[in-house]
1. Restricting things to Cα coordinates, could you compute the convex hull volume per residue of the chain in Å³?
2. So for Tyr109, Tyr68, fewest C-beta neighbours within 10 Å to most, what's the order?
3. Using Cα pairs closer than 8 Å and at least 6 residues apart in sequence, work out the relative contact order for the range 37-113, in percent.
4. Which of these, Pro25, Pro54, Pro88, has the largest mean-square fluctuation under a Gaussian network model of the chain (Cα springs below 10 Å)?
5. Working out 0.36 nm times the residue gap between Ala41 and Leu19, then minus their Cα-Cα distance, what length gain in nm do you get to one decimal?
6. Could you work out the equivalent-ellipsoid semi-axes for the range 48-113, taking the square root of 5 times each eigenvalue of the Cα gyration tensor, largest first, in whole Å?
7. For the chain, what does -39500 (n - 2.57) per DSSP helix run (n ≥ 4), summed and divided by total residues, give at 222 nm, in deg cm²/dmol to the nearest 500?
Amino acid sequence: MSDVIEMHLKLLFDLDTLLADLEEPVYKKIGFKIGDTERMALLGRRSDLLKKLPREIAEVYEMLKKRYQQAIAPVENGFCFGCFQQLPTQLLTRSKEVTTCPNCGRILYWREK
């Protein structure tokens, strides 16, 4: 996977996490609030990030986002940190293509050591 696509996926993941956190009652209880204008700006940024991804990757991401809270998962020590299953050896040789976990289907990325 190219570095740019990986960066956009990670940014999209972070933005989706932030948007989900905004809806959590515990954050509202402690006074963490965001106005409609700011929320719309974040949703606009999310839309911009999706447009920067190749269409097929954006579609896979959106499909996974509906299924799981986290659509992408890091790989560490040969394990998918989305489903905590060990990955087949052939997947551990990092390729330039978008790779998904054969167990849970999440888009995988390798953490920098």
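Since every read-out is calculated from the coordinates, none of them should be taken as a lab result. Quantities reported herein were computed from a predicted structural model and do not represent experimental measurements. Reconstructed Cβ throughout: ideal geometry from the backbone, glycine too, with neighbour counts over all protein chains shown.
1. Hull volume normalised by residue count: 121 Å³.
2. Values: Tyr109 21, Tyr68 15.
Ascending Cβ contact count within 10 Å gives the list Tyr68, Tyr109.
3. This gives 25 percent for the range 37-113.
4. Greatest mean-square fluctuation among the candidates belongs to Pro25.
5. 6.8 nm
6. Working: eigenvalues 84, 37, 20 Å².
Output for the range 48-113: semi-axes of 20, 14, 10 Å.
7. The helix contribution divided over the chain gives -15500 deg cm²/dmol.
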